[in-house]
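The values are calculated or read from the model by the stated rules, or taken from the named source; none is laboratory data. Treat the numbers as computed from the prediction; the structure is a model and nothing was measured. Glycine also receives a Cβ, built like all others from the backbone with ideal geometry; neighbour counts cover every protein chain displayed. For the accessible areas, the whole protein counts, side chains as well, though only heavy atoms, and no ligand, DNA or RNA atoms are used. Shrake-Rupley method; radii C 1.70, N 1.55, O 1.52, S 1.80 Å.
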Amino acid sequence: MEKIHLIITRQDSPDSPSYKEEFMIDYRPNMNIISALMDVRSNPINKNGEKTIPVQWEMSCLEEVCGICSMLINDVPRQACTALIDQLEQPIRLEPMGTFPVIRDLIIDRERMFDALKQVKAWIPIDGTYDIGPGPRMNEKTRLMAYELSKCFTCGVCLEACPNVNDKNGFMGPFVFPQVRLKNVHPTGEMNKDERLDGFMEDGGLQGCGNSQNCVQVCPKGIPITTSIAAVNRAATVQSFRNFFGAD
Ligand code: SF4
Ligand code: FES
C-alpha cells in the first residue's frame, strides 16, 4: 500500500449541507485515523489536486479515554485514535456520528449525553470539598462490577448504534443505564437512589429502550449494558410501587 484513500464527509457549519471530499495521502506503517487526518491537515490538497480548507476533528487523550474522537469509520461508530489504517478496508470513509449535531466536519456536539446525566443525577453528592475520610467499604463482588461500569467515557458510540435513539422518541441512550446502576450501588450514592430512578422514569428515560442490544456489541469498553438495563428496570419497578403506595 503506497497511498491511503480517504473519503470524508464534511460540513462547513452546523446549518450548512454536508458534502464529501476525497484525499490521497502517503502510507506509513502503523498509522491510525488521527495520524492520517493530521497528514491531511498539514497538506490540505484534495484528490483532484485542489487546495482546500483543512478537515476539522477533535482529539485529546489518544488512548480511548476522553471519547472526543468518536466518528463513523467505514460505517462503524468507534474512536479514531484506536482505528489502525492497516486493519481498515480502503477507501476509508469517515463521517460524523449522525445521532449528534455536527459543529463542523467530524466535530460533533455530545451535550445531549451530559444533559441526560444531569437528568438522572448521575453523581454522588458529598458534603463539601474538604477531606471527609474514606467512604463505607463495598463488598468485593459489587466493587468489581462497579469498576466495569465506571469505564464509560461518554463516547457516544452506543447511542449511534441504538435504533431507539432518534428524533421521534427522545430516548437518552443506553449509556445511562450503567451510570444509574453505578451510582445506585455505591454506599453513599445509594442515599439518592430514588431521585435517580425518578429522573430516569421521566420523558426520554428507560421506557425508550427497545432492548435491541446493539449497544453492548459496539461499546469499546465492554460495559455490561444489557445486564444494567435489566438491573435498573427491576429497581425502577420497585420504585414505581413505592411511589404509588408510599414508603418510609
Ligand atoms: S456505554 Fe460504552 S459505548 Fe456507551 S458511551 Fe459508555 S463507553 Fe461509549
Ligand atoms: S482522542 Fe480520546 S478517545 Fe480518542
Being open to solvent by less than 10 Å² (accessible area, probe 1.4 Å) and not in a strand (DSSP E or B) is the filter here; which residues of region 82-99 pass it? A83, I85, M97
Of N164, N233, N184, N192, which residue is outside any helix (DSSP H, G or I) and either touching a residue at least 40 places away in the same chain (Cβ under 8 Å) or more than 11 Å from ligand 1 (Cβ to nearest atom) (or both)? N164
Being among the aromatic types (F, W, Y) and surrounded by 14 or more Cβ atoms within 10 Å (Cβ to Cβ), is that true of even one residue in region 43-57? yes
Taking only pairs six or more apart or across chains, which ones have beta-carbon atoms under 6 Å, a first residue in region 13-36 that is farther than 20 Å from R78 by Cβ, and a second residue that is modelled with pLDDT under 95? Y27/M1; Y27/E2
Go through region 116-134 and give me each residue that's touching a helix residue (DSSP H, G or I) at 6+ places or on another chain (Cβ under 9 Å) and either open to solvent by less than 100 Å² (accessible area, probe 1.4 Å) or assigned to a loop (DSSP other than H, G, I, E, B) (or both). A116, L117, Q119, V120, K121, A122, W123, I124, P125
